[in-house]
Amino acid sequence: MSMKEMNEKLSIITRVVVHPKYRTIGLGTKLVKETLPLAGTPYVEMPAVMAKYNPFAEKAGMQKIAEQPPPKEALAVAETSQKLGLNTQLLSSEKYVLSKLQTLSEKEIQTIRDALIKNCHARFMKYFFCHMPFGRKQDYAKAVREASLERLAHLIKVCGFLRQTKVYLFWNSDNPISKA
């Protein structure tokens with residue numbers, strides 16, 4: 001299928017946000033269910049982290065087709081961070097991570113650097129080499145060794161996001177699931 005055909009046939013729901021005051025009353029389900037037939041394409045895809053915990057899109061008629069577990073590299077960096085006293089639930093907060101890094105000794109900072117180098121992931125490399133789809137590992141290692149605490153905090157924030165399991169949902173207008 002060409003990109004043009006794919007754009008004509010597939011829409012993507014990238015985010016559904018409901019104000020906390022209006023959560024738990026089925027508003028997310030209603031929004032998705034009523035929007036699917038209005039998308040203008042026969043297929044709708046939705047990658048979502050929260051769908052693992054709140055199946056509102058499935059209740060709206062989407063079908064869960066896959067779960068993407070976190071990459072082992074992100075889990076390893078998170079484990080090292082936890083051993084050094086960082087709360088893994090807060091790794092996605094760059095401000096929190098930076099404040100914790102500032103309390104660590106040089107040896108502990110080196111432990112973080114070593115973990116990031118040993119557990120190199122394409123998303124980590126992209127931070128230093130955004131102009132290249134894939135940087136070179138030796139250049140990445142050098143960049144991590146020379147990175148400021150602010151840059152390390154950003155890498156750990158990326159790690160926090162990568163640790164989340166993504167759920168992929170799909171809707172086919174020819175075969176809608178009626179659940180809600």
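So which helices (runs of 4 or more DSSP H) stay within region 103-166 end to end and still have 2 or more residues that are over 18 Å from Lys83 (Cα atoms) and in the same structural domain as Gln82 (by TED's automatic domain parsing)?
It comes to 122-128, 137-146, 149-162.
Filter region 2-30 down to residues that are without any contact (Cβ under 8 Å) to a residue 24 or more places away in the chain, surrounded by 10 or more Cβ atoms within 10 Å (Cβ to Cβ) and closer than 18 Å to Ser173 by Cβ, then give me how many there are.
Total satisfying the criteria: 2.
Looking only at region 46-67, how many residues end up being surrounded by fewer than 17 Cβ atoms within 10 Å (Cβ to Cβ), within 16 Å of the chain's Cα centre (by Cα) and either modelled with pLDDT of 90 or more or closer than 22 Å to Asn7 by Cα (or both)?
Total meeting the criteria: 3.
Go through the residues of region 68-76 one by one and say whether even a single one is in a helix (DSSP H, G or I), exposed (fewer than 14 other Cβ atoms within 10 Å of the Cβ) and touching a strand residue (DSSP E or B) at 6+ places or on another chain (Cβ under 8 Å).
Taking every residue of region 68-76 in turn, none turns out to be in a helix (DSSP H, G or I), exposed (fewer than 14 other Cβ atoms within 10 Å of the Cβ) and touching a strand residue (DSSP E or B) at 6+ places or on another chain (Cβ under 8 Å).
The values are calculated or read from the model by the stated rules, or taken from the named source; none is laboratory data. The structure displayed is predicted, hence computed values, not measured ones. Cβ atoms come from the backbone with ideal geometry, glycine included; neighbour counts cover every protein chain shown.
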